[in-house]
Every structure is written in C-alpha cells, then in structure tokens.
Amino acid sequence: MTNLLVASHCIFPTPNPEETAEFYEQKMGFKAVYYMDAIEPHICLYRDTTEIILTNSNGQKVIPNRELYGYGYDAYFITKNQEQLQEEFILSKVNIVRPLHSTDYHNKEFLVEDIDGRWIAFGMKVKNDRN
C-alpha cells in the first residue's frame, strides 16, 4: 500500500486570534470554531474543504514570507472559479494585492492580504509541468 497525503492545513500564529478569526469570518467567508480552552489554545477556520488553524503568537508580530525571505506567499489555496471568488472578496473589501492573472509558472491566480499582513494566493495550475 502506498502512503497517501490527503489534506493540509495552514497554521497561522497571530497576536490576536479572535480578531484574525473575525476578519476571516466577516471578510472571507470562513466559519470559526474556538478551542481557546484547550491545552494548546487555537481557533479553526473552515471554508469548503479547507482549514486554517490560528494560534497565539504570544505578542510576536506576524512577519510575512515576503519580508523574511524577499518573496513568497504565506498560503496557497487551490481553487476553481477564481473570478467568482475574487469578486466575492472585492465586495467584502478584502485587499486584493494582485488581481487575477496568469503567472510565468503556469498558474491562474489572485493574491489577497489578510488582517495580519499575510499574502494568500487563490489559484490553480493551468498547464501541468509534471508530465
């Protein structure tokens, strides 16, 4: 039997998990489930088949990948119907960093910035480079 990876969750440390959860619920259509009384307090954010886990950064500022390393996103969600999702986020006044476009690595994607400054991409491969 082959080992098979079936899912992945983003883990986002944040100085204010409740405020970040509120942003994701109100602006980006996620549902928050609070586990703040757990041994390791966290909030799970759900949308469709995806999940983001918010943890407390204990006062540490979020430093996005682009600031730490000079480029890069902090999360990438594979999604269809990017036009519709982008329009939903525009109507919710989410900061669209890069509107829907085709990349030089054969993805069609758009990029948003969350309340903590993370850049999150929503896209899909349009040409499979593996074959």
Proximal lysines relative to K93, as straight alpha-carbon distance under 30 Å, when same-chain residues fewer than 8 apart are discounted = K27, K31, K61, K80, K108, K125
Cα-centre dipole for the range 92-131 with unit charges at Cβ (Lys and Arg positive, Asp and Glu negative), debye to 20 = 200 debye
Rounded to the nearest 0.05, what FRET efficiency is calculated for E25 and I96 with R0 set to 25 Å and r the Cβ-Cβ distance?
-> 0.85
Return one number: the angle in degrees, 0 to 90 and rounded to the nearest 10, between the long axis of the Cα atoms of helix 17-28 and the longest principal axis of the Cα atoms of the chain.
-> 40 degrees
Could you tell me how many degrees, from 0 to 90 and to the nearest 10, lie between the Cα long axis of helix 82-91 and the main elongation axis, the longest principal axis, of the Cα atoms of the chain?
-> 40 degrees
Calculate the dipole size of the chain relative to its Cα centre from +1 charges on Lys and Arg beta carbons and -1 charges on Asp and Glu beta carbons; express the result in debye to the nearest 20.
-> 500 debye
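Values quoted throughout were computed directly from the atomic coordinates according to the rules given, and no laboratory measurement underlies them. Since we're looking at a predicted model, the values are computed, not measured. Here the Cβ is made from the backbone with ideal geometry for all residues, glycine too, and neighbour counts use every protein chain on show.
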